[in-house]
Amino acid sequence: TTLLLTAGGLLPPASGAVKLEERDIYTLPAGELARVRAKKIGFVFQQFHLIPYLNVLENVLAPSLACPDPGARERAFSLLEELGLDRRAGHFPSELSTGERQRTALARALLNQPPLILADEPTGNLDRDNSRIVTGHLCRFVSSGGAVLMVTHGPDSLSFAHRRVDIMEGKIVSAD
């Protein structure tokens, strides 16, 4: 989680730099860093981090607040349809199953078509069917040119990884 928060511009590193497209993101003014996160990085958290008083559609559209885009609403509906959530667009997070919440979080991460998705245990709370849906969409994202940095303890999620780095107690113990 710390690695993803640091890579995503949410937790400054103790040392070194975090570069995205040749720019150290931690040298950017706060407003610009927020726009970079909204446009360039999609976040999928294990605990979803959906806004409880916003419905599914509004949660998916949340990243477009930092980078207004006239096509965002249409893309949001399309993502909800792809993820089987189109009939749940007006529901609140408390009315959703765990799988629906994670698929909503995935749609939110994909909304602004970022080049990078940071995924923290995206299938950790899911049943097998929802895990396949989430990993399938992440695979399609990578196939279309995107990159995913995923943290997981579950070996099932590793089947689609192009590269694996094992970290133990903050140190890299193996990489392929």
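The values are calculated or read from the model by the stated rules, or taken from the named source; none is laboratory data. Keep in mind that this is a model prediction, so the values were computed, not measured. Counting neighbours? That spans all protein chains shown, and the Cβs are built from the backbone with ideal geometry, glycine included. The area values use the complete protein model at the heavy-atom level, side chains included, leaving out ligands, DNA and RNA. Shrake-Rupley method; radii C 1.70, N 1.55, O 1.52, S 1.80 Å.
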Need the failing condition index for T98 against (1) surrounded by 20 or more Cβ atoms within 10 Å (Cβ to Cβ); (2) within 18 Å of L50 (Cα to Cα); (3) at pLDDT 90 or above, just the number.
(1)
Can you tell me which residue in the stretch 43-74 is surrounded by the fewest Cβ atoms within 10 Å (Cβ to Cβ), limited to those that are modelled with pLDDT of 90 or more and of a type in the set (G, A, S)?
G71
So, in the stretch 7-28, of the ones that are among the acidic types (D, E) and assigned to a loop (DSSP other than H, G, I, E, B), which residue ends up surrounded by the most Cβ atoms within 10 Å (Cβ to Cβ)?
E21
Among (1) open to solvent by less than 50 Å² (accessible area, probe 1.4 Å); (2) farther than 23 Å from L11 by Cα; (3) in a helix (DSSP H, G or I); (4) not β-branched (V, I, T), the one test that L106 misses
(2)
Does any residue in the stretch 116-138 that is closer than 15 Å to Q46 by Cβ come within less than 8 Å, Cβ to Cβ, of a residue that is crowded, with 22+ Cβ neighbours inside 10 Å and charged (D, E, K, R) six or more places away or on a different chain, and which pairs are these?
N130/R103; V134/R103
When you scan the stretch 75-94, do you find a residue that is outside any helix (DSSP H, G or I), touching a Lys or Arg at 6+ places or on another chain (Cβ under 9 Å) and surrounded by fewer than 16 Cβ atoms within 10 Å (Cβ to Cβ), even just one?
yes
For the stretch 29-60, give me each residue that is outside any helix (DSSP H, G or I), free of Cβ contacts under 8 Å to residues at least 60 places away in the same chain and either β-branched (V, I, T) or under 18 Å from N112 (Cα atoms) (or both).
F48, H49, L50, I51
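Just give me the residues in the stretch 29-39 being open to solvent by 30 Å² or more (accessible area, probe 1.4 Å) and over 20 Å from S78 (Cα atoms), in sequence order.
P29, A30, G31, E32, A34, R35, R37
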